[in-house]
1. Which one, ILE127, GLY56, GLN89, projects farthest toward the positive side of the charge dipole computed for the chain from Cβ point charges (K/R +1, D/E -1)?
2. Which whole-number percentage describes the relative contact order of the chain, with Cα contacts under 8 Å and a sequence gap of 6 or more?
3. Select from LEU95, LEU74, LEU16 the residue whose mean-square fluctuation is largest in a Gaussian network model of the chain (Cα-Cα springs shorter than 10 Å).
4. Using only Cα atoms, figure out Rg for the chain and give it as a multiple of 2.2 N^0.38 Å.
5. Starting from the 7 Å offset along Cα-to-Cβ, what nm value, one decimal, do you get for the label separation of ARG81 and VAL2?
6. How much accessible area does PHE106 have with a 1.4 Å probe, in Å² rounded to the nearest 10?
7. GNM on the chain, C-alpha springs below 10 Å: top fluctuator among ASP15, ASP33, ASP73?
8. Top mean-square fluctuation among GLY32, GLY65, GLY87, Gaussian network model of the chain, C-alpha springs under 10 Å?
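The values are calculated or read from the model by the stated rules, or taken from the named source; none is laboratory data. Note that the structure is predicted; figures quoted are calculated from it, not measured. Virtual Cβ from ideal backbone geometry, glycine too; neighbours counted across all protein chains shown. Each accessible area value is taken on the protein alone, full model and side chains, heavy atoms only, with ligands, DNA and RNA left out. Shrake-Rupley method; radii C 1.70, N 1.55, O 1.52, S 1.80 Å.
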Amino acid sequence: KVILKDYANNGQETDLTDGAAVYNFTPATTTGDRFSVIFRSAGSTTGVNNKTANEGISVYSIQSGIHVTVNSDLNENASVRVFNAVGQQLVNQHLTNRNTALNGKFNPGVYVVKVSNGTTVTATQQIVIK
């Protein structure tokens, strides 16, 4: 489902899923922060096991950046991938150092980070950027 949330009308939600050509909103004037688009999927699973202590991998955020620390040796296949809340891959970066700041700035939201040292150690962690 695709939902349009109108903050000028006490958070009223309009279902845009059916693809109707015209929608009318009162008042007609808008501001840059009047609407939000929400994507909802029935029956989807969004849980991620954040237990990574045994894997020796930690993921954390500083301001709008994501940082990764791997406490094991890295080989040529070591990598980190970042996915947004709808599953789009935003980053696929090769790891060459045990401490890595990922390329790019991330908007506030929830992200899933998958880290591999290239051999047996892998971890998937959910992170929130505020």
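1. The listed residue farthest towards the positive side: GLY56.
2. Details: 244 pairs, mean separation 29.3, N = 130.
Averaging sequence separation for qualifying contacts and normalising by length gives 23 percent for the chain.
3. Top of the fluctuation ranking is LEU16.
4. On the way: Rg = 19.3 Å, N = 130, 2.2 N^0.38 = 14.0 Å.
Here the answer is 1.38, to two decimals.
5. The two pseudo-label positions are separated by 2.6 nm.
6. Roll a 1.4 Å probe over it and PHE106 shows about 20 Å².
7. Top of the fluctuation ranking is ASP33.
8. GLY32
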